[in-house]
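Report on the following structure.
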Amino acid sequence: MVHSAYDAVELVAGVPGRIEAVASHAGKLLVAVSDSEGFLRGSDCSLRIYSSPASSPEGGGEIRRDGPYALERHEQRFWRRPPLAMEVSASRDLLLSLSEWVALHRLPGLETVAVVSNKTKGANVFAWDDRRGLLAVGRQKRLTVFRLDSGREFVEVKEFGVPDILKSMAWCGDNICLGIRREYMIINSMTGALTDVFSSGRIAPPLVVPLPTGELLLGKDNIGVFVDQNGKLIQDGRIIWSDTPASVVIHRPYAVARLPRHVEIRSLRAPNALVQTVVLRDVQKLVQTGNCILAALSNNVCGLLPVPIGAQIVQLTASGEFEEALALCKLLPPEDSNLRAAKESSIHIRYGHFLFDSGKYEDAMEQFSNSHVDITYVLSLYPSIVLPQTHIIGEHDKLLDMPELATESSDVTDEMESYSLQLHESDDKSPLEVKKMSHNALVALVKYLQKKRSGIIERATAEVTEEVVSGAVHHSLILSEPYKPKKPNKKRAQTHTSSIAREMATVLDTSLLQALILTGQSSGAMELLKGLNYCDLKICEEFLKEWSDYMVLLELYKSNEMHREALQLLNQLVEKSKSEMENTDFNKKFNPQMIIEYLRPLCRSDPMLVLESSLYVLERNPSETIELFLSENVPADLVNSYLKQHAPNLQSTYLELMLSMSETGINPNLQNELVQLYLSEVLDWYNILKEEGNWTEKTYSATRKKLISTLENNSGYNTDLLLKRLPQDALFEERAILYGKINQHLRALSLYVHKLQMPERAVAYCDRVYEEGAQQPSKSNIYFNLLQIYLNPRKAEKEFEQKIIPVASQYPGIHKSSSAKFKGGRTGKGGSVQTASSCCQD
């Protein structure tokens, strides 16, 4: 980093004598000069005051560039000996000098204020604390601290003994750093406690330089070491000079050293790079003043006047020293805050482009984040990201509306346009280069967008809330004025609510989702969609389809309540997984259970959609699907009705599983529906066997077994309807069960005995009826009925054939058998059964 931070300007030339010290006050130069002949040490020394020709009589307070300074005043024999040190207190208008002793003069008149002759005679070094008015003086092996009292005299505060003669010292808070022999020590100005720091090196004497922050820069040969007020090393704090400096002054943000062949300027910011070299030979003194640095040669005085900060920033930015340029922006005057912000934005943008082109994408995003550009500008660097259409005006466009920033904002705009051209030119890169750049750059983009997201989403949410509240207030006002006369031809003014925040949120979330997918972070995309998001549906849907990221696509549909589309996609994916048997990962990812789990939360909110979407899983996972309907309380009548219309082959499956899984059973209508389905299937089967000549009453199909079992174990069906549908010459076992349900015991027993020839079933029937109603006379005679059928079989058979038509109509109101059971003793049961059996044998 080399740029012009200072301009070397000759202020005074041809001084008649040797310059011993130099200072400035109110824009004037104070030069201590040894009288001409031989410039011998010990001879009288005068004070010469120079002023600029363009300065006002009162003085402007700063050293000026225009023209050489002219002699304004000459005080001969101002000192009896050349001063070892001279310093101006600008806040107090005082001149402190150390010649034979410490003297204090009022400026600008040079009246003597105080002379400390007894305690400072023979002193060789002093340190002035202007803020507190404290003076530390080193004389022989003594250190004395004085306080300036009322601006008129020095009062001794403390005096301490030190190990050796002091060579250099400076205040650091309540402590004083001392350079003694080749060592540095810290002494407490209140207690006198001494602490060793470190040695000053093998070549140069100790050099103590105070910093404006209260810290210190201590010389160690050609190295300047930064320490705190207690002498503790500051991490990474060191300046390496090109040679051993004789003196160093601090002029923020630079440290300026007087070297044998030149003046060297380095940055105070790590890594303390070289800023500038000013070739000035034979420099005797370097003094820091308010606005510049004075360099005293033997007979000349030069001023190192700083180049304006803005010009330095331009130099640094042009040379790619962006960090230093940004650091200098902090030194711009507070009143130029807008200009400073614009300059910083411009530098951040340029720095971001530089880092982006260098492949340091995350660092580039950090710079863009610190600039004033919005995310749309950063996203323009990524041609693979598809952005939604918006009406967002970028920050660089907003700057153009501010006249004071016209120049700076035009620089920013030019930078953006030039980089946009570079992007188009870079489209010719090879696919491999683009792919490598793309991944690393997209990873950085993800982090950048995630960092920006919270603030943008918060503003978008606030915008939505404001609209809702505004709409509610407007609606309430309308409702509260129903009877007020309405003025004709006068329309209510419509309030336009900006949607910029939501548009920006849409751009961000849409881009973030794409970047997450492109970098293989599908889980991150899922988390994005599960929360509040503003993803553009159309763009994200097309993108996810293109990249075949179906899990994220499903979540996109779900977050937008597009459940129908999500379920259609799920069905396709599950079907596809069946054909891709080798792709185990795909099979594990998409299976029928996923459809069931997706349907579960929809059962209460949209049961019709659940039914429409459940056919696939009902065929393949019937038990799990029925369990879903039951656990989520999907109305059974609705399910049955839908299946009856759209999937009749699944209706019986649903009712069967529902009957088996429900602890309380199913309602009578559904029971009747199930029995009717069984009977229809059995009748079709019966007709086929009858035509083939293979029908017998002892023939059972699976469905017939189900029908018989359901008729025996349930009572919620309509027996009258079922009896009407049964054929007259077949299915006697079913007819017998139905007769039993309506208490037509003689007919039921007659069927068991004569048509079915199942005496054991007839006996079991009697047992069951007897146990159900032992206290009822009609039922307690059941065994007698069976005996009658055995004793007079022809009469019973003839009677049955005459009344084979359904008899339920003869018993109005009796369609269902009672499910109540009564327990009790049974008399004569064994004898009756034994008699019936013996009659049968006869």
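The values are calculated or read from the model by the stated rules, or taken from the named source; none is laboratory data. This one's a predicted model, so the numbers in the text were calculated from it and none came from an experiment. In this analysis, Cβ positions are derived from the backbone assuming ideal geometry, glycine residues included, and neighbour counts consider all displayed protein chains. Ligands, DNA and RNA are excluded from the accessible area calculation, which covers all protein heavy atoms including side chains. Shrake-Rupley method; radii C 1.70, N 1.55, O 1.52, S 1.80 Å.
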Task: Residues located in the range 740-763, provided they are closer than 16 Å to residue 781 by Cα and either touching a Lys or Arg at 6+ places or on another chain (Cβ under 9 Å) or open to solvent by less than 50 Å² (accessible area, probe 1.4 Å) (or both) - done: 740, 743, 744, 745, 747, 748, 749, 750, 762, 763
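Could we say that residue 577 is of a type outside the set (A, V, I, L, M), assigned to a helix (DSSP H, G or I), at pLDDT below 90 and touching a Phe, Trp or Tyr at 6+ places or on another chain (Cβ under 9 Å) here? Explain how you work it out, then say what you get.
On the way: of a type outside the set (A, V, I, L, M): yes; assigned to a helix (DSSP H, G or I): yes; at pLDDT below 90: yes; touching a Phe, Trp or Tyr at 6+ places or on another chain (Cβ under 9 Å): yes.
Considered against the rule, which asks whether it is of a type outside the set (A, V, I, L, M), assigned to a helix (DSSP H, G or I), at pLDDT below 90 and touching a Phe, Trp or Tyr at 6+ places or on another chain (Cβ under 9 Å), residue 577 comes out as yes.
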Open item on the list: It is to be established whether one or more residues within the range 165-182 are touching a Phe, Trp or Tyr at 6+ places or on another chain (Cβ under 9 Å), among the hydrophobic types (A, V, I, L, M, F, W, C) and open to solvent by less than 10 Å² (accessible area, probe 1.4 Å).
Closed with: yes
- [ ] Give the residues of the range 661-701 that are in a helix (DSSP H, G or I) and exposed (fewer than 12 other Cβ atoms within 10 Å of the Cβ), sorted by residue number.
- [x] 684, 688, 691, 692
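Quick one: which of 576, 558 is out of contact with any Lys or Arg (no Cβ under 7 Å at 6 or more places or on another chain), exposed (fewer than 15 other Cβ atoms within 10 Å of the Cβ) and among the charged types (D, E, K, R)? Outline the logic, then answer.
Values: 558 fails: exposed (fewer than 15 other Cβ atoms within 10 Å of the Cβ).
Within the list 576, 558, the selection yields 576.
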Task: Restricting the range 716-744 to residues that are modelled with pLDDT of 85 or more and of a type in the set (Gly, Ala, Ser), the residue that is farthest from residue 773 (Cα to Cα) - done: 730
Task: Given (1) open to solvent by 40 Å² or more (accessible area, probe 1.4 Å); (2) at pLDDT 95 or above, index of the condition residue 516 fails - done: (1)
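Condition (residue is under 18 Å from residue 515 (Cβ atoms), buried (at least 19 other Cβ atoms within 10 Å of the Cβ) and out of contact with any Leu (no Cβ under 8 Å at 6 or more places or on another chain)) applied to the range 340-352: is it met by at least one residue?
Our first condition is that a residue be under 18 Å from residue 515 (Cβ atoms); within the range 340-352, this holds for 352.
Checking the rest, the ones that are also buried (at least 19 other Cβ atoms within 10 Å of the Cβ) come to 352.
Still in the running and out of contact with any Leu (no Cβ under 8 Å at 6 or more places or on another chain): 352.
Yes, the range 340-352 has at least one match.
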Open item on the list: What's the total number of residues in the range 161-184 that are in a strand (DSSP E or B) and charged (D, E, K, R)?
Closed with: 2
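When the range 322-370 is examined, which residues are found to be of a type in the set (Val, Ile, Thr) and farther than 22 Å from residue 266 by Cα?
Restricting attention to the range 322-370, the residues satisfying the condition of being of a type in the set (Val, Ile, Thr) are 347, 349.
The one that is of a type in the set (Val, Ile, Thr) and farther than 22 Å from residue 266 by Cα: 349.
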- [ ] Would you be able to tell me the number of residues in the range 230-252 that are touching an Asp or Glu at 6+ places or on another chain (Cβ under 7 Å) and over 21 Å from residue 296 (Cβ atoms)?
- [x] 2
TODO: Find all pairs meeting these conditions: Cβ atoms under 6 angstrom apart; at least six residues apart or on different chains; first residue within the range 557-576 and among the charged types (D, E, K, R); second residue surrounded by 19 or more Cβ atoms within 10 Å (Cβ to Cβ).
DONE: 558/566; 565/557
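If you go through the range 198-210 one residue at a time, how many are open to solvent by 20 Å² or more (accessible area, probe 1.4 Å) and in contact with a Lys or Arg (Cβ under 9 Å, 6 or more places away or on another chain)? Please lay out each step first, then the result.
The first filter runs over the range 198-210 and keeps only residues open to solvent by 20 Å² or more (accessible area, probe 1.4 Å), leaving 198-199, 202-203, 205, 207, 210.
From what's left, in contact with a Lys or Arg (Cβ under 9 Å, 6 or more places away or on another chain): 198-199, 202, 205, 207.
Selection size over the range 198-210: 5.
Condition test on residue 386, is it open to solvent by 30 Å² or more (accessible area, probe 1.4 Å) and modelled with pLDDT of 90 or more? So that I can check it myself, show each step before the final result.
Numbers: open to solvent by 30 Å² or more (accessible area, probe 1.4 Å): yes; modelled with pLDDT of 90 or more: yes.
Criteria met by residue 386.
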Open item on the list: I'd like the full set of residues that are part of a helix (DSSP H, G or I) and among the hydrophobic types (A, V, I, L, M, F, W, C), limited to the range 550-569.
Closed with: 551, 552, 553, 554, 556, 566, 567, 569
Task: Residue list for the range 527-543, filter: crowded, with 17+ Cβ neighbours inside 10 Å, within 15 Å of the chain's Cα centre (by Cα) and touching a residue at least 24 places away in the same chain (Cβ under 8 Å) - done: 529, 533, 534
Open item on the list: Can you tell me how many residues within the range 219-241 are at positive phi and open to solvent by 60 Å² or more (accessible area, probe 1.4 Å)?
Closed with: 1
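Just a yes or no: is a residue in the range 341-350 without any contact (Cβ under 8 Å) to a residue 60 or more places away in the chain, of a type outside the set (D, E, K, R) and not in a helix (DSSP H, G or I)?
Restricting attention to the range 341-350, the residues satisfying the condition of being without any contact (Cβ under 8 Å) to a residue 60 or more places away in the chain are 341, 344, 347-348.
From what is left, the residues that are of a type outside the set (D, E, K, R) are 341, 347-348.
Filter again for not in a helix (DSSP H, G or I), leaving none.
No: the range 341-350 contains no residue that is without any contact (Cβ under 8 Å) to a residue 60 or more places away in the chain, of a type outside the set (D, E, K, R) and not in a helix (DSSP H, G or I).
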TODO: Can you confirm whether the range 710-725 contains a residue that is of a type outside the set (Ser, Thr, Tyr), outside any helix (DSSP H, G or I) and more than 24 Å from residue 659 (Cα to Cα)?
DONE: no
